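Participant: My questions all concern the structure below.
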Amino acid sequence: MNNITTHSQAAAAILAERRLKGLQGPCLPDGIRPASLQEAMAIQQAVTALMGDAVGGWKCGTPGPDKLVVAPIYASTIHRQTAAAPCPVWANEGSVRVEPELAFVLGRDLPVRAQPYAPDEVDEAIAATHLALELIDSRYNDPTVLSFADKLADGLVNQGLFIGPEVDGEVAGSTHVMPIAVRVDGGPEQVRAGQHPDPLPRLPLYWLVAYLREQGVGLRAGQVVITGSYAGTFPLPIGPEVSLRYGELGELRARFQARPRA
């Protein structure tokens with residue numbers, strides 16, 4: 001990836017400041033607003049250069065016509081389930097929006113090379129599979145006027161990732177459908193029908209490895225990849241403990257704390 005222009009740098013400066021301070025604002029100004037997926041990816045790349053943070057992982061999904069689902073997840077925004085500390089998030093009206101996903105943790109590098117990686121090579125590079133929640137927040141204040149390129153430039157509404165317990169990787173890797181049962185502070189369960197956007201949840205990971213290789217970008221051991229929500233996007237409250245049961249795979253527990261917005 002090396003398509004950064006003066007316009008993409010100007011756009012990235014706005015989005016990076018909003019991301020770092022938890023701010024939201026209007027669409028990017030005409031002249032630097034992305035008009036194509038290529039321009040959006042250049043802005044996304046330029047944001048990463050301004051964040052002062054390592055890329056700790058990626059979100060991805062199967063691409064479609066005029067749709068490219070890929071965005072970095074910054075290392076400082078990746079949190080793991082512990083009993084001691086709540087997960088800090090940018091919150092809105094007392095809640096944070098989440099997406100229940102599987103997180104694939106790489107155990108070894110997948111460097112750039114001339115030959116494409118076969119799916120079994122990618123499978124062998126996965127060290128662990130975890131239950132996870134993608135943490136959602138936009139740097140725009142009016143989603144109704146956004147193009148897909150606007151969203152892609154901004155990292156597809158990602159604000160971070162919460163990683164729960166490790167689960168059986170082979171079972172998880174073949175799980176297409178499972179209920180997601182949500183419980184808040186010991187209250188009654190609310191069950192959501194869960195279905196991954198792809199027949200197998202690793203399929204977007206295979207695509208991501210191929211796409212990044214073509215862009216001259218490798219993946220590193222320790223990076224985490226999420227590949228799509230099992231139950232869309234929904235809010236969870238700030239403060240009380242919440243638990244999410246992913247079918248028969250296991251249970252994730254979390255407590256969220258609001259970060260002060262600038």
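The values are calculated or read from the model by the stated rules, or taken from the named source; none is laboratory data. Keep in mind that this is a model prediction, so the values were computed, not measured. Methodologically, a virtual Cβ is constructed for each residue, glycine included, from the backbone with ideal geometry; neighbour enumeration extends over all protein chains shown.
Participant: Here is a list of conditions, (1) surrounded by fewer than 21 Cβ atoms within 10 Å (Cβ to Cβ); (2) at positive phi, and residue 155 meets all of them except one; can you say which number that is?
Facilitator: (1)
Participant: Let me ask something additional. Among the residues of region 64-75, count how many are loosely packed, with under 15 Cβ neighbours inside 10 Å and either at pLDDT 95 or above or at positive phi (or both).
Facilitator: Count: 1.
Participant: Would you mention how many residues in region 126-155 are over 17 Å from the mean Cα position of the chain (by Cα), in a helix (DSSP H, G or I) and in contact (Cβ under 8 Å) with a residue 24 or more places away in the chain?
Facilitator: Here the count works out to 1.
Table: residues versus (1) hydroxyl-bearing (Ser, Thr, Tyr); (2) in contact with a strand residue (DSSP E or B) (Cβ under 6 Å, 6 or more places away or on another chain); (3) surrounded by fewer than 19 Cβ atoms within 10 Å (Cβ to Cβ); (4) within 24 Å of residue 209 (Cβ to Cβ).
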{"position": "28", "(1), (2), (3), (4)": "no, no, no, no"}
{"position": "31", "(1), (2), (3), (4)": "no, no, yes, no"}
{"position": "40", "(1), (2), (3), (4)": "no, no, no, yes"}
{"position": "53", "(1), (2), (3), (4)": "no, yes, yes, yes"}
{"position": "60", "(1), (2), (3), (4)": "no, yes, no, yes"}
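Participant: For region 171-186: of the residues being out of contact with any Pro (no Cβ under 9 Å at 6 or more places or on another chain) and under 22 Å from residue 81 (Cα atoms), which is surrounded by the fewest Cβ atoms within 10 Å (Cβ to Cβ)?
Facilitator: Among residues in region 171-186 that are out of contact with any Pro (no Cβ under 9 Å at 6 or more places or on another chain) and under 22 Å from residue 81 (Cα atoms), the one surrounded by the fewest Cβ atoms within 10 Å (Cβ to Cβ) is 171.
Participant: Now, a different point. Would you tally the residues in region 194-207 being aliphatic (A, V, I, L, M), surrounded by fewer than 21 Cβ atoms within 10 Å (Cβ to Cβ) and in contact (Cβ under 8 Å) with a residue 40 or more places away in the chain?
Facilitator: Count: 1.
Participant: In addition: From the list 252, 244, 219, 236, which residue is more than 23 Å from residue 192 (Cβ to Cβ) and buried (at least 16 other Cβ atoms within 10 Å of the Cβ)?
Facilitator: 219
Participant: Another one. Restricting to region 162-182, count the residues that are touching a Lys or Arg at 6+ places or on another chain (Cβ under 8 Å) and either closer than 30 Å to residue 19 by Cα or part of a strand (DSSP E or B) (or both).
Facilitator: Summing the residues that are touching a Lys or Arg at 6+ places or on another chain (Cβ under 8 Å) and either closer than 30 Å to residue 19 by Cα or part of a strand (DSSP E or B) (or both) in region 162-182 gives 6.
Participant: Tell me which residues, restricted to region 1-21, are polar (S, T, N, Q) and surrounded by 15 or more Cβ atoms within 10 Å (Cβ to Cβ).
Facilitator: 8, 9
Participant: Out of (1) over 24 Å from residue 20 (Cβ atoms); (2) assigned to a helix (DSSP H, G or I); (3) among the hydrophobic types (A, V, I, L, M, F, W, C), what's the single condition that is false for residue 105?
Facilitator: Just one mismatch for residue 105, condition (2).
Participant: Here's another thing I want to ask about it. Residues that are exposed (fewer than 15 other Cβ atoms within 10 Å of the Cβ) and under 20 Å from residue 252 (Cα atoms): does region 98-111 have at least one?
Facilitator: No.
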